[in-house]
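We did not get these values from a lab; they are worked out from the coordinates using the rules stated. Owing to the predicted nature of the structure, the values given are computational and were not obtained by experimental measurement. Here the Cβ positions follow ideal geometry from the backbone for every residue, glycine too, while neighbour counts run over all protein chains shown.
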């Protein structure tokens, strides 16, 4: 399994939009942005901090919130 790269919040947001997430301005607070996606009868909410480099643990949490595996995420890069 390939390692997760160190990426910025801009790159994470680009990938989230690519897979159908939309910006939810009323859900994010302060230095965090929120994105939502209707997934059948479920709604997925992903919170992304505005940072130059997203820490690995935070990136893993974002992938979990988005319903992505590491491999799927790396393929989208």
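Of the numbered conditions (1) without any contact (Cβ under 8 Å) to a residue 60 or more places away in the chain; (2) surrounded by fewer than 16 Cβ atoms within 10 Å (Cβ to Cβ), residue 4 fails exactly one; give the number of that condition.
Among (1) without any contact (Cβ under 8 Å) to a residue 60 or more places away in the chain; (2) surrounded by fewer than 16 Cβ atoms within 10 Å (Cβ to Cβ), residue 4 violates only (1).
Matching residues to (1) within 10 Å of the chain's Cα centre (by Cα); (2) in a helix (DSSP H, G or I); (3) surrounded by 13 or more Cβ atoms within 10 Å (Cβ to Cβ); (4) touching a residue at least 24 places away in the same chain (Cβ under 8 Å):
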{"residue": "25", "(1), (2), (3), (4)": "no, no, no, no"}
{"residue": "43", "(1), (2), (3), (4)": "no, no, no, no"}
{"residue": "51", "(1), (2), (3), (4)": "no, no, yes, yes"}
{"residue": "57", "(1), (2), (3), (4)": "no, yes, no, no"}
{"residue": "60", "(1), (2), (3), (4)": "yes, yes, yes, yes"}
{"residue": "65", "(1), (2), (3), (4)": "yes, yes, yes, no"}
{"residue": "73", "(1), (2), (3), (4)": "yes, yes, yes, yes"}
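Being surrounded by 14 or more Cβ atoms within 10 Å (Cβ to Cβ) and part of a loop (DSSP other than H, G, I, E, B) is the filter here; which residues of region 27-41 pass it?
Result: 27, 28.
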